[in-house]
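Heads up, the thing below is written out as structure tokens.
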Amino acid sequence: MLVLVPRPLAWSACKGLSRAHASLPFSLRHSATRALSSTRVAFSTTETPVESAPFRLAVIGSGPGGFYTAQRVLRRLPNAKVDMFEALPIPHGLVRYGVAPDHPEVKNVMSTFDEVAENPNFRFIGNTSVGTLNQPNAKPAALEMSDLQPNYHAILLAYGAPEDRAFGIPGEDRLVGVMGARTFVGFYNGLPSEQNLDLDLSKTDTAVVLGQGNVALDVARILLMPLEELKKTDLTEKTIKLLEKSTIKHVHVVGRRGPLEVAFTSKELREMINLPDTTFHMDKELFDSEMALGGKSLDRPRKRLMSLLEKGMKESKPNQSKSWTLSFLRSPKAFKDSPENPGVLSSIEFGINRLESQEGGPRRAVDTGKTEELKCGMAFRSIGYKSIGIQGIPFDERKGIVPNIGGKVVDAQNNIVPGLYTSGWLKTGPVGVIVSTMSEAFQTAETLVEDVKNGALGPLEPKAGAEPLLEKLKEKGVRTVSYQDWKRIEQIEFQRGAQLGKPREKVLSVEEMLHLVD
């Protein structure tokens, strides 16, 4: 999942797009719902001609960006051999750990990944971190990029965006009750690293979600959705027990700009508006003034979204047992506790904004100097995921991506780093849905294939691939996990889920995953 590049790599790069959108499951297509040195290794003489040596690609990360790139490379280069490394014992990244449990149609894409894994030229190597984080006191990885370099013609970085952005305001890191939406999403989806989360939903009736994208609405929906419906999904039993004790009845979804700038989709909004026993609130006067100002210039999808908002306001039933509110033109300034309950969130101070137009760009939220306070006991920060830089790899801290041109990694001077590619959210930032990630991954794959075919990677000298790496891991005591091992874990999850009347019950710890395959 993670990688160290001590010196510029000795390989090359990527481009293109493809038609395999049609290969996705019907439901996914129609929902559009949703990551060295130029020295060569010397080889002894071999009877195999250089031109017949298979192209060897290492993929770091097993989410949609990695799998879709691998799928296209294997299809376009039948002689290619792809080894995919993943830090967790199991694959699929945010498809497994980021997609809402009540959106099973989006997870159908895992069947496509299974088909990729059935290719005899594909190998999954789980429970194997690659590379050291560019952070103080970072734990050394099982393998470094210098281990991979001599064994592959190219390396694809596709390890995603495993952290969430922060506001950097008072109380954010100090108060109980303030957390990232990514943390909560990982918890309820069974991500092992989030299972020690100390979360109590029984101390307040009001939660605030800061941000107005699809993840923000996912969090709000999980908090307000009837438990009987959630029990039919693959939401973990640990989360169900937590929600059974929840006293949250009111959720505010707050954004710094206006209704015309919301980032969620119509599908997510419709699900929120249709929540049973739940009143929807929004500032109709602000909505009407915004539509009068810019409604005519909206594209068709956004007009549909605005129509749905308007319909939601008109049809919302008052005085229901639960409610959710879309609030606009608000930026958090501080998370506050109270003298009666120090160390625990009791309210959020917001700055009130106005919108200013920017020539050639989106409207900007400007602080008016006015403030207001909203009482609440839980706050979920949902302002975007972010990637982490890896030691030795070019990384744009401001954008949170590996800088690239069409998937070809570039350095600070915009020079292509030979043989190093990127895909998924590490390439684009955390934007779009799975279909858009697929398209970007195909672009990277096509560029890589072109580089192989036009000789940009040089003659394809024989490379050893994963074999010496597996020996090294064995010597270090690392228990690697194959795709077949993962499928055995999955069968156990299916069996446990069937006993509970749900699709699956996820295994929540790395230790248990390894125990099950042993």
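Every test in (1) within 21 Å of Pro150 (Cα to Cα); (2) crowded, with 19+ Cβ neighbours inside 10 Å is passed by Trp486 save one, and that test is (1). Does Ala87 satisfy the criteria of being surrounded by 18 or more Cβ atoms within 10 Å (Cβ to Cβ) and either at pLDDT 95 or above or over 30 Å from Glu512 (Cβ atoms) (or both)? Criteria met by Ala87. A single member of Leu460, Leu448, Leu426 is closer than 30 Å to Val262 by Cβ, not small (Gly, Ala, Ser) and not assigned by TED's automatic domain parsing to the domain that holds Gly180, and it is Leu426.
Looking across segment 260-275 at every residue that is surrounded by 19 or more Cβ atoms within 10 Å (Cβ to Cβ), outside any loop (DSSP other than H, G, I, E, B) and not charged (D, E, K, R), the one that is nearest to the chain's Cα centre (by Cα) is identified as Leu269. Which residue out of Asn319, Asn353 is at positive phi, of a type in the set (S, T, N, Q) and assigned by TED's automatic domain parsing to the domain that holds Ala181? Of Asn319, Asn353, the one residue that is at positive phi, of a type in the set (S, T, N, Q) and assigned by TED's automatic domain parsing to the domain that holds Ala181 is Asn319. Just one of the listed residues (Ser111, Ser193, Ser146) is among the small types (Gly, Ala, Ser), in a helix (DSSP H, G or I) and either at positive phi or modelled with pLDDT under 95 (or both), namely Ser146. Assess whether Gly465 counts as being on the phi > 0 side of the Ramachandran plot and either touching a Lys or Arg at 6+ places or on another chain (Cβ under 6 Å) or in a helix (DSSP H, G or I) (or both). When the stated conditions are applied, Gly465 passes them. The residues of segment 211-232 that are crowded, with 20+ Cβ neighbours inside 10 Å and in a loop (DSSP other than H, G, I, E, B), listed by number, are Gly211, Gln212, Gly213, Met225. Of the residues contained in segment 175-195, one or more are found to be over 28 Å from Arg270 (Cα atoms) and polar (S, T, N, Q).
Scanning segment 334-350 for residues that are surrounded by fewer than 19 Cβ atoms within 10 Å (Cβ to Cβ) and in a strand (DSSP E or B) turns up Ala334, Lys336, Ser338, Asn341, Val344, Glu349.
The values are calculated or read from the model by the stated rules, or taken from the named source; none is laboratory data. Just so we're clear, the structure is a prediction, and the values are computed from it rather than from any experiment. All Cβ positions, glycine included, derive from the backbone under ideal geometry; neighbour counts span all protein chains shown.
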